[in-house]
């Protein structure tokens, strides 16, 4: 294999303090009550836990909440909670492969997780709340095994004041209005990584977009015209991406436009979140619409095993911007590629695309060099073989976990010559190669 022959060193997980490979969680059942004014969250999390090896304790990731009670299979058990870890002592060794139900009752004011990029996770808006967890913000609002390779199904129930819309991942299963507020219940049956779990709360108006895939918009009422215009070609994007990348991998897609300014749009499973600064009625940021939509294939359905493989998400999503550009009458992907190759050549040559380091996973060079790698591969294979390779990649790994090593092996099957040197120069050499 490429890694062995080139003696590429094996790195440790980027966020070693998050997640635990000694067990997995197969299902999250989250019952949440949220009061917007005081920013108060009361939660009951029921987790279906399966040990991968004999376990005498269970360490969950959870932020600054007061934990009042923990049960394992209905029996109250001791626990400790400090430094972002909720450590549970089940009172017996958990055998591998046998599911148990861990229930955690907790409450407090959710606070974003501190990181190199600022606060991550549950955050107050001017009037509502937003969740932006990538990569390690999920513990800001629920106890979890916070590693991207542990994907699970979810049921998310949120009760809040009735004036507000609640939008979460998956299918809206029910709503129930009572004197204390309205309860919204969502069910996400396709496996989902913790960082993609999301809740959005705001004074939103809803609208539907036409198309074969159900598409919803949620937005501040006064921005209705701009939002409907700026996302008006989204169904055409879906058609283009379905042809190039394979069928849309989920049952529906929702776009939320928050009534606050956001630095960048937010990716979630079956959902994308934009700030009001991303809409202007002129489609100025349509490339971002394409980028976030493409993440439903690359990131949400196909999810990296470790954050070192972030180029498999951001490279494909950035390349989707270029694919949409050429499909919609704009510049061809090759023109974008040539321009960005020249720009990258003028930047510091100290980033390894397939292992950029934890502080660089959102470096723009990862995005653009990832897209350049894919365009170079497209030129090398030819359009027919390249897009067949991509469609087969998304089909074979639908709702699964992927690695760079697996992608290299997959792409090689569509080539007429060895691709070892190609992938070495694009993924592991710090200097940007010339486009073929």
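Rule-based calculations on the coordinates, nothing more; no lab input. Because the structure is a prediction, the values reported are computed rather than measured. Ideal geometry is used to build each Cβ from the backbone, glycine not excepted, and the neighbour counts take in all protein chains shown.
The residue 342 and residue 68 beta-carbon pair, evaluated with R₀ = 45 Å, returns a calculated FRET efficiency of approximately 0.15.
With Cα atoms defining each centre, the stretch 212-264 and the stretch 342-386 are spaced 26 Å apart in the structure. What residues from the stretch 106-135 fall in the zone where the backbone N is under 20 Å from a label point 7 Å along the Cα-to-C-beta line of residue 35? The answer is 106-112, 122-130, whose backbone nitrogens lie closer than 20 Å to the label point.
Residues of the stretch 187-212 with amide nitrogen under 11 Å from the 7 Å Cα-to-Cβ point of residue 399? Under cut-off, by backbone N: 188-192. Over all directions, the projected convex hull of the C-alpha atoms in the stretch 23-201 averages 10.1 nm² in area. Can you give the % of DSSP beta bridges in the stretch 205-296 that are antiparallel, to the nearest 5? In the stretch 205-296, DSSP labels about 45 percent of beta bridges as antiparallel. If R0 is 45 Å, the Cβ-Cβ spacing of residue 242 and residue 179 corresponds to a FRET efficiency of close to 0.50. Compared with the direct C-alpha span, the chain from residue 359 to residue 252 gains 35.2 nm at full extension, assuming 0.36 nm per residue.
Among the listed options [x] 0.99; [y] 1.05; [z] 1.11, the one matching Cα Rg over 2.2 N^0.38 Å as calculated from these coordinates is [x]. Enter the Cα centre distance for the pair the stretch 108-147 and the stretch 15-39, rounded to the nearest angstrom. One Cα centre to the other: 10 Å. Listed from fewest to most Cβ neighbours within 10 Å, the set 36, 25 follows the order 36, 25. Pairs of Cα atoms under 8 Å, at least six residues apart: use those to get the relative contact order of the chain, whole percent. That works out to 12 percent.
When the chain is treated as a GNM with alpha-carbon contacts under 10 Å, the residue of 398, 276, 40 showing the greatest mean-square fluctuation is 40.
If packing is taken as the mean number of other Cβ atoms within 10 Å per residue, what is the order of 238-244, 304-310, highest first? Each step should come with its number before you reach the end.
On the way: 238-244: 17.7, 304-310: 22.1.
The densest-packed peptide leads the list: 304-310, 238-244.
What is the fewest-to-most order of 355, 146 by other Cβ atoms lying within 10 Å of their Cβ? Don't jump to the answer; show the numbers that get you there.
Values: 355 21, 146 26.
The most exposed by this proxy come first: 355, 146.
For the pair residue 349 and residue 93, label points projected 7 Å from Cα toward Cβ lie 5.5 nm apart.
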